[in-house]
1. When every alpha-carbon pair in region 59-168 is counted, what percent end up more than 15 Å apart?
2. How big is the chain by the Kirkwood estimate over distinct Cα pairs, in Å?
3. Taking amide H positions as placed in the peptide plane 1.01 Å from N, state which residues far from LEU46 in sequence (5 or more) or on other chains have amide H under 5 Å from it.
4. If packing is taken as the average count of other Cβ atoms within 10 Å, what order do 148-155, 161-168, 38-45 fall into, highest mean first?
5. Below 10 angstrom from the Cβ of PRO108, what's the summed charge of the other residues (Lys, Arg +1; Asp, Glu -1)?
6. Counting only DSSP beta bridges with both residues in region 3-196, tell me the antiparallel percent, nearest 5.
7. Estimate the FRET efficiency between GLU160 and THR188 by the formula 1/(1 + (r/R0)^6), using the beta-carbon distance for r and 25 Å for R0, to the nearest 0.05.
8. So what's Rg/Rh here for region 119-195, counting alpha carbon atoms and using the Kirkwood radius for Rh?
Amino acid sequence: MTDDARALWDAEAVAFDDAADHGLRDPEVRRAWADLLIPLINGRGLRVADLGCGTGTLSLLLAADGGHLVSGVDFSPEMIRRAHAKAEQTTSRPVFVVADAAEPPLPPGTFDVVLCRHVLWAMHDPAAALKKWIELLTPNGVLILIEGRWHTGAGLTADECFRLVSDQRKDVQVRRLNDPSYWGGPITDERYLIISPS
């Protein structure tokens, strides 16, 4: 990532959590994400990589509600600073590191789950990034992507994302995320989850 991109996301960090699905400040929105993600991660105390973790909201959710050992990666120092500040207020302590999600500095073959929300679309080479993410997984590890094609025209369609993952994984499932409870209100664009257990 360039210094300009890092500066842009550092600036975005100031108001990042104002979006309902970023900050999860509304208890109903937080519960919706917990009810979506916790059942997808079977068990407790699993190793989860949250790549492009932003201010660490999902990392903290999975650590606190799921009892998981979470490593969050984001290339914005300001996002990670805010993630650390949030973690200081909890008993669950994910590990956060400043690094590019396209090249996560995490040990390969050691994570039960790799989670990325609204990150793949922004990668310069999505297929190469996916390959790196999949390499982090244990043989039975699960890949979870939350992506969208937004009203601005940015993003990936579900079909595009499905093809990218299917090129590298056997089992790929798509779930539409149209329920406004995830987003704090109705949406008019395409948002979805992809889960790949193998």
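Just so it is clear, none of the values below were taken in a lab; they were calculated from the coordinates. Bear in mind the structure is a predicted one, so any value in this text is a computation, not a measurement. Neighbour counts are summed over all protein chains in view; Cβ atoms, including those assigned to glycine, are modelled from backbone coordinates with ideal geometry.
1. That fraction is 67 percent.
2. After inverting the pairwise mean of 1/r, the radius is 16.7 Å.
3. It is LEU69, by chain and number.
4. In decreasing order of mean packing, 148-155, 161-168, 38-45 become 161-168, 148-155, 38-45.
5. On the way: positive: LYS132; negative: GLU135.
Neighbour charge sum, excluding PRO108 itself: 0.
6. Details: 12 of 31 bridges.
Close to 40 percent.
7. Numbers: r = 19 Å, r/R0 = 0.76.
With a Förster radius of 25 Å, E is 0.85.
8. That ratio is 0.98, to two decimals.
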